[in-house]
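K.L.:
Right, I'll just put the structure down here and ask away after.
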Amino acid sequence: MSTQGLIKIINSDVSHTGIPKGSVDIVLFANVLHEVEDRTVFFQEVRRISKPTADIVNVDWKKIKTEHGPPMKERLSEEEAKQVLLENGFGVIKQTDAGPYHYELICKLTGI
């Protein structure tokens, strides 16, 4: 089986990706959620491009003091990120550490 075409990296505005509706199996955003100004529009696009069975994966900075990364006031704790995701139609099904400085939240669409 060829893996060509299974992964495509697209550099675009997070609210207008140009990705076809309902075509994505996994949406991964890393070190992004704390930076998104209009989360409603961002998550509308995530829902639009996702297949109903898609995994939505958020990796972001822990809200702890570190040498690198965004200022503490910009970071979202795991609980804050889970709340943002829930409010925008995503239920967290798994939460893990992604190293000493990051967390990972794996979500599914909830139907909002």
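The values are calculated or read from the model by the stated rules, or taken from the named source; none is laboratory data. Bear in mind the structure is a predicted one, so any value in this text is a computation, not a measurement. Neighbour counts are summed over all protein chains in view; Cβ atoms, including those assigned to glycine, are modelled from backbone coordinates with ideal geometry.
K.L.:
Among the numbered criteria (1) part of a strand (DSSP E or B); (2) over 21 Å from Ser12 (Cβ atoms); (3) touching a helix residue (DSSP H, G or I) at 6+ places or on another chain (Cβ under 9 Å), which one does Asp60 miss?
P.N.:
So Asp60 meets the others, but not (2).
K.L.:
Being exposed (fewer than 12 other Cβ atoms within 10 Å of the Cβ) and either of a type in the set (S, T, N, Q) or under 18 Å from Leu105 (Cβ atoms) (or both): is that true of Ser77 here?
P.N.:
no
K.L.:
Regarding Asn88, is this residue surrounded by 16 or more Cβ atoms within 10 Å (Cβ to Cβ), among the polar types (S, T, N, Q) and at pLDDT below 95?
P.N.:
Yes; evaluated as a whole, the condition is true for this residue.
K.L.:
Identify all residues within the stretch 63-78 that are in a loop (DSSP other than H, G, I, E, B) and touching a residue at least 24 places away in the same chain (Cβ under 8 Å); write none if there are none.
P.N.:
Of everything in the stretch 63-78, those that are in a loop (DSSP other than H, G, I, E, B) and touching a residue at least 24 places away in the same chain (Cβ under 8 Å) turn out to be Ile64, Thr66, His68, Gly69, Pro70, Arg75, Leu76.
K.L.:
On to the next question. Since Arg48 meets every condition but one in (1) farther than 19 Å from Glu104 by Cα; (2) in a loop (DSSP other than H, G, I, E, B), which condition does it not meet?
P.N.:
Every condition holds for Arg48 apart from (2).
K.L.:
To continue, here is another question. Val36 passes all but one of (1) within 22 Å of Lys108 (Cβ to Cβ); (2) modelled with pLDDT of 95 or more; (3) not charged (D, E, K, R); which number fails?
P.N.:
(2)
K.L.:
Going through the stretch 27-56 one residue at a time, which ones are of a type in the set (A, V, I, L, M), under 11 Å from the mean Cα position of the chain (by Cα) and buried (at least 19 other Cβ atoms within 10 Å of the Cβ)?
P.N.:
Those that are of a type in the set (A, V, I, L, M), under 11 Å from the mean Cα position of the chain (by Cα) and buried (at least 19 other Cβ atoms within 10 Å of the Cβ): Val27, Leu33, Val46, Ile56.
K.L.:
Moving on. Can you find, within the stretch 21-41, the residue that is nearest to Glu87 (Cα to Cα) among those that are assigned to a helix (DSSP H, G or I) and free of Cβ contacts under 8 Å to residues at least 40 places away in the same chain?
P.N.:
Checking each candidate, the answer is Val41.
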